Amino acid sequence: MPPVILTDIEGTTSSISFVKDVLFPYARRELPRFVREHGQEPEVRRWLDMVALENGGLCQDAMIVETLQGWIDEDRKHTALKALQGMVWEAGYASADFTAPVYPDAAQALRRWHADGHALAVYSSGSVPAQKLLFAHTDAGDLTGLFSGWFDTAVGGKRDVASYAHIAEALGAAPADILFLSDVVAELDAAREAGLRTTLIDRTDDYPQPRTGDAANGHPRATGFDGVDAGG
């Protein structure tokens, strides 16, 4: 069987700047309106109440929103924030306020690998719902049907060796039969230690200074998906 291809998102399939320059500012801007319009819906209320309780019992939604906006500014990884951001982004995608950019070489390769029989999976620090939203609304169309596995930090940190062992087990694949693509060398180090194959995606748009030699720490390097040896 062809190997499984496990890919990161930011800096790998998509520009690092999309999340920082588009998604985060959109969530920050739209949160007040979203909470005013949907704050009494049970699934939204659940997360707002969690934030309130963790911060001394905030009694007004406006104060909760200010707290959440502060967390966005800090790039804080909090379950409630991720959940609420995902809801805001879902509304933004649905109203076509933006689409998710995917590098053309990534979209083409993902489709080609899928057609060639590779199983494809995603591992990103963004929540699985946010991952699915992104790939459902890319500027190359809906790509969700290409993927058979979705993983976020619920399986563990991306620099933790055990995370990749958990992913291999969940995918029903031997670690050596999984190729992990990422722009972060430390993540690739952890994956390699777990027995996965690796390739450093070193895009000039995101990393103007090429990472070669010691900077790649022995990982095969490609400047785009069209330079990846998928094997199989």
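For the reader, a short list of remarks on this structure follows.
- Ellipticity estimate at 222 nm from DSSP helix runs (n ≥ 4, -39,500 (n - 2.57)) divided over the chain, nearest 500: -13500 deg cm²/dmol
- Once the Cα-Cα distance is subtracted from the 0.36 nm per residue extended length, the Glu41 to Phe24 segment shows a gain of 3.8 nm.
- Modelled FRET efficiency - R0 41 Å, Asp229 with Glu90, Cβ distances, 0.05 increments: 0.70
- For segment 19-94: relative contact order, % (alpha-carbon pairs under 8 angstrom, 6 or more apart): 41
- The residues of segment 19-94 expose, per residue, 54 Å² of accessible area to a 1.4 Å probe.
- Largest to smallest in accessible area, the residues Met63, Met87 fall in the order Met63, Met87 (1.4 Å probe, all protein chains included).
- Of all accessible heavy-atom area on segment 79-193, the percent that carbon and sulfur account for (1.4 Å): 53
- Taking a point 7 Å out from the Cα of Asp116 in the direction of its Cβ, the residues of segment 1-28 whose backbone N falls within less than 14 Å of it are 1-6.
- Ranked by the mean number of other Cβ atoms within 10 Å of their residues, highest first, the peptides 119-130, 74-85 fall in the order 119-130, 74-85.
- Label zone (Asp160, point 7 Å along Cα-to-C-beta; backbone nitrogen cut-off 20 Å) within segment 68-103: 76-83.
- Calculated from the alpha-carbon coordinates, the chain shows an Rg and a Dmax of 18.7, 57 Å respectively.
- For segment 61-147, averaging the sequence separation of C-alpha pairs within contact (under 8 Å, six or more residues apart) and dividing by the residue count gives a relative contact order of 31 percent.
- Ellipsoid semi-axes in whole angstrom, largest first, where each is sqrt(5λ) of the Cα gyration tensor of segment 34-90: 15, 14, 10
- Here Val184 and Gln209 are evaluated by their C-beta separation; at R0 = 22 Å the FRET efficiency comes out at 0.90.
- Among beta bridges that DSSP assigns inside the chain, antiparallel share in %, nearest 5: 5
- Relative contact order, whole percent, for the chain stands at 26, derived from Cα pairs under 8 Å and 6 or more residues apart.
- Angstrom value of the Kirkwood radius, inverse mean 1/r, which spans all Cα pairs in segment 60-151: 14.7
- Residue ranges 21-27, 187-193 sort as 187-193, 21-27 when ordered by packing (mean number of other C-beta atoms within 10 Å per residue, highest first).
- Under 17 Å of direct C-alpha separation, and excluding same-chain neighbours fewer than eight residues apart, Lys132 reaches these lysines: Lys82.
The values are calculated or read from the model by the stated rules, or taken from the named source; none is laboratory data. Owing to the predicted nature of the structure, the values given are computational and were not obtained by experimental measurement. Methodologically, a virtual Cβ is constructed for each residue, glycine included, from the backbone with ideal geometry; neighbour enumeration extends over all protein chains shown. For the accessible areas, the whole protein counts, side chains as well, though only heavy atoms, and no ligand, DNA or RNA atoms are used. Shrake-Rupley method; radii C 1.70, N 1.55, O 1.52, S 1.80 Å.
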